[in-house]
1. Mind checking the full-extension length gain between Ala647 and Ala516? Use 0.36 nm per residue of separation minus the Cα-Cα distance, one decimal, nm.
2. Using Cα centres only, tell me the gap between the stretch 651-669 and the stretch 498-529 in whole Å.
3. Once you sort the root eigenvalues of the Cα gyration tensor of the stretch 468-556 as a ≥ b ≥ c, which label holds: rounded (a/c under 1.5), prolate (a/b larger than b/c) or oblate (the other case)?
4. Just in the stretch 442-538: which trypsin sites (Lys or Arg not before Pro) are loop by DSSP and have at most 12 other Cβ atoms within 10 Å?
5. If we count every other residue with Cβ under 13 angstrom of Glu222's Cβ, Lys/Arg +1 and Asp/Glu -1, where does the sum land?
6. Could you put Met367, Met205, Met277 in order, starting from the residue whose Cβ has the fewest other Cβ atoms within 10 Å?
7. What FRET efficiency comes out for the pair Arg38/Ala584, r = Cβ-Cβ distance, R0 = 51 Å, nearest 0.05?
8. Contour minus end-to-end for Leu491 and Leu397, with contour as 0.36 nm per residue of separation and end-to-end as the Cα-Cα distance?
Amino acid sequence: MARTGQRRSSTRSRAMDNEGIIPVLARAVREVETAAQRGKLKPANRTKFQVIALLMREERAHAKTDTDLTDAERAETLKRLDGIASILAKTTARDTSVLSLLDPDATVSEAARALRKQLLFEGGIEIVTEDALPAKAPEIDVELAQKQVVPASVKARALANPFLAPDLDRVASSAPVPRRLANWELLGPLFKSFEYGGGGRVASMDLPDAPRIDRLSPGRMELMRHQARFLERVRLGHRTFLLADEPGLGKTAQSILAASIADAFPLLVVVPNVVKMNWAREVALWTPNRRPTVIHGDGDTLDAFADVVIVNYDVLDRHIGWLGTLGFKGMVVDEAHFIKNLHSQRSQHVLALARKIRERASSPLMMALTGTPLINDVDDFRAIWQFLGWIDDTKPLPELMARLEDTELTPADPGFFAEAREAVIEMGIVRRRKVDVAADLPAKRIADLPVELDDDLGRSIRQAEAELAARLVRRFRALVTARDTTVEAVLDGPAADLTALLRLVAQGELDESRAAKTGENVFTMVRRIGQAKAGLAADYAAQLARSVGKVVFFAKHIDVMDAAEATLAKRGLKTVSIRGDQSAAQRQQQIDAFNTDPEVAVVVASLTAAGVGLNLQVASNVVLAELSWTSAEQTQAIDRVHRIGQAEPVTAWRIIASQTIDARIAELIDSKAGLAARALDGEDVDPSAAGSVQLEALVSLLREGLGL
């Protein structure tokens, strides 16, 4: 935090033992150290820790440049500051969660700013001038402006509709007349209310009962009761939500249908890269009459006329200019804990777009989705509440202020924390856990998460897949020629004959692939897809671990497991591993650590080595980073978690590379699972469906190559 004004004091007095800011910092740091010895630091002491570090840095910089100090005085001042620094280091060793507060770019709360002024005053340092802090960061600075792109379809949309239709329903909001809370600092108490005012009540707003008839979900889809209750709240007119349901409870579907109910199209959706393709699929699934578009890179494939625009955080900086002018009526931020650092460019871009949407639209739908709204402390709420329009940098905004005024309490009154917490919750916090809605959920479900491989490796995989399809077509044409006929005649002939030829070609390719030591084939292609997905799959596992606890991560290949473990380590998560080269004792040690050590967040396991005989039911979420060749192997892996004694519904997340053979393999695995069920139920089975997934995948590629 840079100084916000010039300070004036006696240089000589600052060097004396009992005067100046250093003795004040010394007393304060001893108080924080004592608190840390008793356990994890509370918010007040965390704030004090941060302010001490800020002032210590300021004093060190000042001492090094103060020409009034003698060399001896300068050395003595720096020595005393080093003593304060050493105590801060000891405190950090006791409570490592405060390490992030030492970052110069860490968020500085209003409480911290006030404490800084107080300590400076106690140290006899006069604040001569106070520079006015900007109300908000510039939305597009010079460097950011140079990154801006405007996709061709955005220009086409502007030409087709050069004037944004006015919102005739918009009316200026009037702030409530300030009463008892006018001169109170309220943000600090509001955050503290979630620590001290809970009283055992879950932080979730009251929701109406679910309608008896589901009139919202399309054919073959069905809403669960907890989803229907949330959507009924939207239908009744609520428009801002922190939807903090645990993963697996359908936050994406709820958001899409909420936009439909609120007529919040066009809708802007900001998401992590790993889930943006899944969002497009879910939009098409739940609102088939709405068209989604996904921004990749510079937006060359963007459809600016679509109803839902999906963009990942990583490319948002290139598109913030035109996104602010498109006339969105709603905005969803998925994994909203990504914006917890108010000083990050990511957060500033999201908040800038949210402000523009609120300025242009009346009652826009604003939704923050995250299973982990709090990661470090309750101050993590700050950015999310700003996005939702509940607060600004310094105070609650009119609607929340009115709710607080209605409590007829001030922060000095008993009961304020509980009432303030309820006031914020009723602004739109919704939190449900799997265990709370277990009756609504299936005992086990598989959720596909398509990802886009849009890097160089992804492009090379698609090129290799195209070359494999071309090779299969050449084999097919050669076989047809050898039979003294034509491709056209075969294609126009009996379907059974065509299928037999396709399988014959695919089988020849498969046999050669199994025998080959080098070259590109279906097996090497699937392995490369696994390598390309490893980081994305590990990122999603990390999000799950932070949201709901322990996660089981399955992969087939060692290099994929290695890449996943490296990514998880970078995310600060402790992992254990179950591999085929471990002894029985080593493997059991890893299993016991996962099941009993609260520090272990993820077990990275081999599909073949850990797919059978293990009990990992301490987790209820499974990530399948690579697909198995059989549905039985996939089922065995999921059943390491879905076992007798499992108290929660189990969700298996399959990471699938869209626009590659990976997606076809997933479909084939599912068809084999259905086939097995029908066979076990005694129904007739088509014998031709018993072929291997590898063979069927190659047949599928060949059909595409032939344009069938």
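Taken together, the values in this text are just the output of simple stated rules run on the coordinates, not laboratory data. All values derive from a computational prediction rather than experimental measurement. All Cβ positions, even for glycine, are placed from backbone atoms using ideal geometry, and neighbour counts span all protein chains on display.
1. Gain on extension, Ala647 to Ala516, equals 42.5 nm.
2. If we compute the Cα centre of each part, the gap is 19 Å.
3. It comes out prolate by the Cα gyration axes.
4. Arg483, Lys517
5. Local charge sum for Glu222: +2.
6. Neighbour counts put them in this order, fewest first: Met205, Met277, Met367.
7. FRET efficiency, Arg38 to Ala584: 0.70.
8. 27.0 nm
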